[in-house]
Amino acid sequence: MALFIGMLKTDESPRWLVARGRISEAMNVLQKTRSTKEQAIAELNEIQGLLSEESHCKKFVLSDLKQPWIRRLLMLGIGLSITQQITGVNSIMFYGSQILVQSGFSTQAALIGNIGNGLISVLGAGLGLYMVGKIGRRSMLTAGLVGTTSCMLGIAIISNVMSTSALLPYLVLSLTVTFLAFQQSCVSPITWLMCSEIFPLRMRGTGMGLSVCFQWIGNFAVGFSFPILLSKFGLSSTFFVFVGLGICAILFIRLFMPETKDKTLEQLEEMFQEKAGETSVF
């Protein structure tokens, strides 16, 4: 209900207003959200320029998929989205309490401990927003994936070699919290950001739509399979599966994903075309 009431008070997007010729309304919205009038005017001019550029672009059609560099972009976007899910983040977000119970906590203690997972997710997201403009996207994503995979490896190992230790639940909790710190500060925000940066204007809607579709497919696959794996193979073996998937994700980013920081759409488009030996039709 609070969200519904809040949306009633929310202004329309300046871009949406400009696209419909409601320039003065767009300017009013920008002045509310920008520090100075000069910033609002500059952004309004930028929005108008981008909309003008988009109006001269051909619409994306399925026949464009005949071009290798277009297919490569789509595969990269889909791969990025799947990468975000196969770290196993939603195994912890959905089943965090169950993981802690299986590691040795009581049900009540597991519920309390799971609060830490939520808290670190919020703090991690804030840290990610701070770092994203200072560190290269590819490096930040790789570091995050190395961190999440290492945490999964730690859980898998200690669940096996310390299965009877009283320290096990506390170590598992520490590693799940650390995992989420890496995931929410480096992996989740960067995958969304890079997906939005790699697609040219004319195919951004299609590219993002397909990428998000596969992200939800990955979300479903992890959420559906995790409790089955956990009940059949136990905590250690289940997390070794995510270690293997995490290694695949790291290799994918290092081998195929270019750096997008400080590059324009045109520069990225040219780079992908050069790799495919093609000429732009955009």
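Before moving on, here are some points about what is shown:
- In summary, helices (runs of 4 or more DSSP H) completely within the range 1-53 and bearing 2 or more residues that are over 22 Å from Leu201 (Cα atoms) occur at 2-8, 23-33.
- Residue match in the range 77-86 (condition: exposed (fewer than 12 other Cβ atoms within 10 Å of the Cβ), at negative phi and part of a helix (DSSP H, G or I)): no
- Residue within the range 201-218 that is farther than 30 Å from Leu62 by Cα and either free of Cβ contacts under 8 Å to residues at least 12 places away in the same chain or not hydrophobic (A, V, I, L, M, F, W, C) (or both) present: no
- Qualifying residue in the range 13-22 (condition: more than 29 Å from the chain's Cα centre (by Cα) and of a type in the set (Lys, Arg)): yes
- Among residues of the range 173-200 that are closer than 19 Å to Phe242 by Cβ and aromatic (Phe, Trp, Tyr), those with a Cβ under 7 angstrom from a residue that is at pLDDT 95 or above and surrounded by fewer than 23 Cβ atoms within 10 Å (Cβ to Cβ), sequence gap 6+ or separate chain, pair up as Phe182/Gly147.
- The residue of the range 83-103 that is nearest to Met257 (Cα to Cα), among those that are among the β-branched types (Val, Ile, Thr) and touching a residue at least 60 places away in the same chain (Cβ under 8 Å), is Thr83.
- Of the candidates Leu127, Leu100, the single residue that is under 25 Å from the mean Cα position of the chain (by Cα), assigned by TED's automatic domain parsing to the domain that holds Thr206, part of a helix (DSSP H, G or I) and modelled with pLDDT of 85 or more is Leu127.
Residues are listed down the side, and each one gets a yes or a no for (1) touching a Lys or Arg at 6+ places or on another chain (Cβ under 7 Å); (2) in contact (Cβ under 8 Å) with a residue 24 or more places away in the chain; (3) of a type in the set (S, T, N, Q):
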{"site": "Leu127", "(1), (2), (3)": "no, yes, no"}
{"site": "Gly136", "(1), (2), (3)": "yes, yes, no"}
{"site": "Met140", "(1), (2), (3)": "no, yes, no"}
{"site": "Thr149", "(1), (2), (3)": "no, yes, yes"}
{"site": "Gly154", "(1), (2), (3)": "no, no, no"}
{"site": "Ile157", "(1), (2), (3)": "no, yes, no"}
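- Odd one out for Leu268, checked against (1) in contact (Cβ under 8 Å) with a residue 60 or more places away in the chain; (2) more than 28 Å from Lys66 (Cα to Cα): (2)
- Qualifying positions in the range 77-134 - hydroxyl-bearing (Ser, Thr, Tyr) and within 26 Å of Ser236 (Cβ to Cβ): Thr83, Thr87, Ser91, Tyr95, Ser97, Ser103, Ser106, Thr107, Ser121
- Among the candidates Leu73, Leu80, the residue that is touching a residue at least 60 places away in the same chain (Cβ under 8 Å), under 29 Å from Phe179 (Cβ atoms) and either touching a Leu at 6+ places or on another chain (Cβ under 8 Å) or aliphatic (A, V, I, L, M) (or both) is uniquely Leu80.
- Matching helices (runs of 4 or more DSSP H) fully within the range 153-263 where at least 3 residues are over 19 Å from Leu80 (Cα atoms): 168-182, 204-256
- Picking from residues in the range 89-134 that are surrounded by fewer than 15 Cβ atoms within 10 Å (Cβ to Cβ) and among the β-branched types (Val, Ile, Thr), the one that is farthest from Thr178 (Cα to Cα) is Thr107.
- The number of residues in the range 131-152 that are modelled with pLDDT under 95 and either in contact with a Ser or Thr (Cβ under 6 Å, 6 or more places away or on another chain) or not in a helix (DSSP H, G or I) (or both) comes to 6.
The values are calculated or read from the model by the stated rules, or taken from the named source; none is laboratory data. Just so it is clear, the structure is predicted and the values come from calculations on it, not from any experiment. Glycine also receives a Cβ, built like all others from the backbone with ideal geometry; neighbour counts cover every protein chain displayed.
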